[in-house]
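Computed from the coordinates by the stated procedures, all read-outs in this text should not be read as laboratory data. Since this is a predicted model, take the numbers as computed values, not measurements. Ideal geometry is used to build each Cβ from the backbone, glycine not excepted, and the neighbour counts take in all protein chains shown.
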Amino acid sequence: MKEDGGSAEFRRKMNGGVMKAEIIVDKNYIIGDVDRKIYGSFIEHLGRAVYEGIYQPGQKTADEQGFRQDVIDLIRELKVPIVRYPGGNFVSNYHWEDGIGPRELRKKRMEIAWNVVETNEFGLDEFASWAKKADTEVMMAVNLGTGTISDALNLIDYCNIEKGTYYSDLRIKNGYKEPHNIRTWCLGNEMDGPWQTGHKTAYEYGRLASEVGRAMKAVDPEIKLVACGSSSSSMPTFASWEAEVLDLCYDEADFLSLHQYYRNDDNDAADFLARNMEMDAFIASVVSICDYVKAKKRSKKTMMLSFDEWNVWYHSNGIPFDRWSEHPHQLEDIYNLEDALLVGSLLITLLKHADRVKMACLAQLVNVIAPIMTSDTGAWRQTIFYPFLHASLYGNGTVLNTLSRVPVYDSKNFTDVPYLDAVMVLNEEQEEAVIFAVNKNTEEAMEISADLRQFAGWKVAEHIELTGDDLKAVNTEADPFRVCPELNLNTKLEDGKLTGLLKKQSWNVIRLKK
Ligand code: AHR
């Protein structure tokens with residue numbers, strides 16, 4: 001553990017084994033407004049995300065369309081504003097017309113992204129209906145792996161045109177009188193990845209994205225388009241991919257995507273919990289590249305970022321499944337407390353970039369690397385459900401530039417890792433504010449303080465914490481509340497000073513109210 005947290009004045013102060021940290025904010029010093037779309041998520045045709053996840057006809061909570069109500073209830077609890085669909089790697093060889101029309105006529109297909117059989121029992125019309133019931137918006141990805149400009153045009157015609165064209169009339173014939181009116185579209189998925197069906201060079205992809213984007217906007221000029229950035233910051237083409245792709249499709253794109261998953265293969269908590277520093281550096285680099293292209297093009301448009309795949313993903317790697325079977329168990333990571341802490345820190349990092357990250361998707365939503373798990377008999381919340389829930393419920397308004405004076409440590413891959421991640425979000429309309437904080441110290445609690453004299457007359461409404469002695473504790477169907485939030489009653493805001501104790505290895509939500 002490093003003893004020096006920066007300037008001499010704020011060196012680590014030990015006091016009876018308690019680490020101290022100060023949170024510094026000024027309500028006039030803001031980063032930006034939170035776009036609620038950063039609390040988006042993702043449903044791919046993969047494993048049991050669709051089948052047995054959101055759709056399971058005959059299951060005891062399923063409605064007349066086969067949508068599981070127990071899952072819808074949990075998604076509504078999370079207040080997910082937007083859900084990306086239908087992939088992911090899946091989309092790069094997906095023929096959307098396979099998934100519309102009478103079910104008995106739909107073709108089964110070899111699904112080569114995940115080596116399974118896709119029954120096509122569930123398709124885009126079902127997803128659009130489900131999204132309404134789940135109170136969320138659809139973010140639709142088009143196939144730019146094997147797909148063509150025509151496929152994308154036909155798809156947007158089917159989805160967004162009211163009537164009077166072949167595809168809009170086909171939608172009406174299929175029972176969907178109203179257009180789906182999808183506002184946000186991804187131009188392919190991870191096209192930089194050699195694993196992607198129809199993988200492309202930056203030049204090939206950038207040209208295609210530009211042509212498809214221009215044609216789609218000709219059909220519906222109001223749509224927003226997301227161009228593919230790198231599928232992780234460790235890709236060998238990272239940075240040059242972004243620069244070249246944007247050079248070719250800057251005018252058509254409204255967002256550039258980022259994807260990244262985090263792992264703890266070495267079972268090294270200190271290093272794993274520092275991984276949000278990697279996310280922070282990734283976002284900062286992509287912002288710089290976007291602004292470089294903006295300057296080069298003398299453009300007035302500022303490119304926004306869509307971090308549309310992020311999560312912890314490694315627990316399920318290597319678990320065998322039956323190849324060419326229908327919706328087997330795949331990517332079913334069982335998340336522990338440690339994962340929830342990192343997810344909390346990743347959410348704090350996204351918030352700290354609220355000026356440029358205007359959309360993000362926790363990947364994914366149900367069963368597949370997901371906060372929600374299902375069996376035939378029920379649905380339950382994984383540990384990572386909670387930080388996501390708290391951020392979605394309370395992380396709304398304006399993000400304040402939040403500094404922390406706090407001790408730091410070095411880990412295998414990172415130096416000067418602050419023991420505390422914290423961010424404050426002010427919701428002036430609701431006259432409330434929240435501080436999200438993660439104490440990464442797995443040995444000691446942390447005393448925090450903040451000068452909040454600008455918030456005279458405000459009180460601590462509640463301090464919610466997610467913690468426990470066992471970093472590896474998980475929730476299961478048999479024991480669904482082993483890791484769940486509790487209240488910390490000792491945090492105070494008195495005479496303009498906030499004081500409290502963050503337990504070791506804890507996610508904290510300190511809600512303040514006028
Ligand atoms: O979310 C799982 C997979 O991760 C997605 O299909 C792909 O886009 C990414 O590599």
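Quick notes
- Annotation for the range 448-484: GluC sites (Glu not before Pro) lying in DSSP loop with at most 12 further Cβ atoms inside 10 Å of their Cβ are Glu477.
- Filtered chymotrypsin sites (Phe, Trp or Tyr not before Pro), the range 265-367: DSSP coil and at most 12 other beta carbons within 10 Å: Trp324
- Distance between the C-alpha centres of the range 499-514 and the range 290-309: 36 Å, rounded to the whole angstrom.
- Proportion of all alpha-carbon pairs of the chain beyond 41 Å (%): 20
- Dividing the summed helix terms, -39500 (n - 2.57) for each DSSP H run of n ≥ 4, by the number of residues in the chain produces a 222 nm estimate of -7000 deg cm²/dmol to the nearest 500.
- Debye equation applied to the C-alpha atoms of the range 370-514, log10 I(q)/I(0) at 0.19 Å⁻¹: -1.18
- GluC sites (Glu not before Pro) restricted to the range 126-226 and DSSP loop, no more than 10 other C-beta within 10 Å: Glu222
- Residues with amide H under 5 Å from that of Ser41, placed H, sequence gap 5 or more: Ile82, Val83, Arg84, Leu362
- Checked against a 30 Å cut-off, the cross-linked pairs Lys37/Lys177; Lys297/Lys412; Lys37/Lys173; Lys200/Lys296 give Cα-Cα distances beyond that limit for Lys297/Lys412; Lys37/Lys173.
- Span-like helix ranges in the chain, DSSP H, alpha carbon extent 15 angstrom or more, Kyte mean at least 0.0: 149-160, 276-296, 337-352
- Put a plus charge on the Cβ of each Lys and Arg, a minus charge on the Cβ of each Asp and Glu, and nothing anywhere else: the dipole of the chain about its Cα centre is then about 980 debye.
- Distance from the range 227-243 to the range 370-399 (C-alpha centre basis), Å: 29
- Cross-link reach list, aspartates and glutamates versus Lys294, counting only Cα pairs under 20 Å and skipping chain neighbours closer than eight places: Glu211, Glu242, Glu244, Asp247, Asp251, Glu252, Asp254, Asp355
- Summed side-chain charge close to Thr119 - residues other than Thr119 whose Cβ falls under 11 Å, Lys, Arg +1, Asp, Glu -1: 0
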